[in-house]
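J.: Quick one: structure below, then a few questions.
What follows is calculated from the coordinates using simple rules that are stated; it is not laboratory data. Since the model is a prediction, treat every value here as computed from it, not as a measurement. For neighbour counting, all protein chains shown are included, and Cβ atoms are generated from backbone atoms with ideal geometry for every residue, glycine included.
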Amino acid sequence: MKRTLIKHVLSSGNVNDEVLVQGWVKTRRDNKGFSFVEVNDGSCFGNVQVVVESSLAGYDVNVLAAATGASVTVRGILVSSPGKEQSTEIKAVEFKLVGDNGGEEYPLQKKRHSNEFLRTIGHLRPRTNTFGAVFRIRSVCAYAIHKFFNERSFVYLHSPIITASDCEGAGTMFQVTTLNLEEAAAKGKVNYAEDFFEKKASLTVSGQLEGETFACALSNIYTFGPTFRAENSNTPRHLAEFWMIEPEMAFCDLRGDMEVAEAFIKYVISYVLENCADDMKFCNQWVEKGIIDSLTKVVTADFGHLTYTEAIAALEKSGEQFEFPVHWGMDIQTEHEKWLTEKHVGRPVFVTNYPKEIKAFYMRLDEGEKTVSAMDLLVPRLGEIIGGSQREERYDVLKRRIEECHLNIDEYWWYMDLRRYGSVPHAGFGLGFERMIMYLTGMTNIRDVIPYPRTPGNIAF
Ligand code: 4AD
Ligand code: MG
């Protein structure tokens, strides 16, 4: 007999169906004459309740040994349940213990464990309610992202993971090498000509520059892949390895860029609310109270718009005591971002036209040459979720900016070439995938929305 996922048993099973389910025991209660076993297979939030009579063959060795965490195979008949927790349950015809706990205590007991503790058992945490919900939502969110771009004829581009260029120019890259570090240290110098690529190579911080070359040929592209940053920031919002979605659009300016970003965020929220109802209900009750309501409001609200200069003026007038004092020219910190989106605007807000000194070299210089056509999307609870810009498409201006930023112009010859042949205004942005999952689920630490978090000093699993 073929296995049925519990998701399908619960959503489309009919009374009297014969079903075979397989999963892990959540709880077991033994009464006189029969046992109730809650089984979950991770295909959905819900468990299926199995009723096993003590007269069933092998009851003692299979059912009475099936402790929380054990894996089981159950064949039975779907019957309507007298209990008020569920409408149907399985009356077992056959109950087989597949893998027991060897008599040891299962690390996941019925009580609620802290997310910090669960990080120390990263291999078992997907079996909890919270992490099951988060990772099903993560999967549906990824699908929604592809669906959004596919429906709009964007081409999905696989940008390289190993690169020789530093997109953000921030010098926070992981080096990729096959050189023997001890030998190099003994020699006192490194000869990159002897390295695998015969030059210095790194893990990418962004697929944007490669994305631009393809947008300047295929019009609208997006990347969706892992990116790596060796910045030493131990915050609840930063990972050393995270996933980013980077659309890039030819013949597009900053306004068009923000229109796509707003439609994109709203589409993904709607899709997840619609297709992850049970998991979102759990998040609404146990992770972030009221999150369904607040996300539903975001879908219909117009996002706010502020220039950097307006944002700084508002922060200066706010009367708030910030840890980092506010002045024109400073980098807007998380505390400022949160105030702007939560208190000042009360919904997601685009902040645009930042001073050129605090943004990357490729952003288009505004008139007056003090600011660039950049945009960050700030959202309540998180601050920055998207960073993007219109790109500098003017050859001479770009050359000047690369020099001003002390970057090696020879490394960017191919990027400059895009501005020599058929240059076009173009724009794009990057959405931090894990930040989006935090936004959707209400989880407050980014380590809890990626399967295996990598942060400074931590690569535990
Ligand atoms: O603002 P960022 O650095 O922008 C870029 O990388 C551009 N190349 C994007 C583009 O225009 N194509 O990063 C984009 C987003 C941030 O808004 C944030 O959500 C996320 O990526 N992000 C991180 N997420 C987790 N951990 C980190 N260390 C992150 N750094 C950035
Ligand atoms: Mg940014």
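J.: Check whether at least one residue in segment 217-225 is touching a helix residue (DSSP H, G or I) at 6+ places or on another chain (Cβ under 6 Å), without any contact (Cβ under 8 Å) to a residue 24 or more places away in the chain and either under 18 Å from Arg152 (Cα atoms) or not polar (S, T, N, Q) (or both), and report yes or no.
T.: no
J.: Going by the conditions given, is Val93 part of a strand (DSSP E or B) and either surrounded by fewer than 17 Cβ atoms within 10 Å (Cβ to Cβ) or touching a Cys at 6+ places or on another chain (Cβ under 6 Å) (or both)?
T.: yes
J.: Being within 27 Å of Asn47 (Cα to Cα), in a helix (DSSP H, G or I) and of a type in the set (D, E, K, R) is the filter here, so list the residues in segment 287-310 that pass it.
T.: Residue satisfying the conditions is Asp293 alone.
J.: Among the strands (runs of 3 or more DSSP E) lying completely within segment 178-286, list those that include at least 1 residues that are under 24 Å from Pro348 (Cβ atoms) and among the aromatic types (Phe, Trp, Tyr).
T.: The qualifying strands (runs of 3 or more DSSP E) are 220-228, 241-250.
J.: Still on this structure: Just name the residue that is farthest from Thr441 (Cα to Cα) out of those in segment 365-386 that are charged (D, E, K, R) and within 16 Å of ligand 2 (Cβ to nearest atom).
T.: Asp376
J.: Same structure, new question: Scanning segment 379-406 for residues that are within 15 Å of ligand 1 (Cβ to nearest atom) and over 23 Å from Phe251 (Cα atoms), which turns out surrounded by the fewest Cβ atoms within 10 Å (Cβ to Cβ)?
T.: Cys405
J.: Under 26 Å from Ala144 (Cα atoms) and free of Cβ contacts under 8 Å to residues at least 60 places away in the same chain: which single residue out of Thr341, Thr444 fits that description?
T.: Thr341
J.: I need every pair where a residue in segment 387-401 that is within 16 Å of ligand 2 (Cβ to nearest atom) has its Cβ under 7 Å from the Cβ of a residue that is among the charged types (D, E, K, R) and part of a strand (DSSP E or B), sequence separation at least 6 or different chains.
T.: That search, which allows pairs on different chains as well, returns Gly387/Asp376.
J.: Of the residues that make up segment 190-199, is at least one buried (at least 17 other Cβ atoms within 10 Å of the Cβ), under 30 Å from Tyr362 (Cα atoms) and out of contact with any Lys or Arg (no Cβ under 6 Å at 6 or more places or on another chain)?
T.: Yes: one or more hits.
J.: Surrounded by 13 or more Cβ atoms within 10 Å (Cβ to Cβ) and small (Gly, Ala, Ser) - does that describe any residue in segment 106-121?
T.: No, segment 106-121 contains no residue that is surrounded by 13 or more Cβ atoms within 10 Å (Cβ to Cβ) and small (Gly, Ala, Ser).
J.: Do you know which of the residues in segment 345-355 that are in a loop (DSSP other than H, G, I, E, B) and touching a Ser or Thr at 6+ places or on another chain (Cβ under 8 Å) is farthest from Leu407 (Cα to Cα)?
T.: Arg347
J.: Restricting attention to segment 28-68, report how many residues are in a loop (DSSP other than H, G, I, E, B) and over 41 Å from the mean Cα position of the chain (by Cα).
T.: 7
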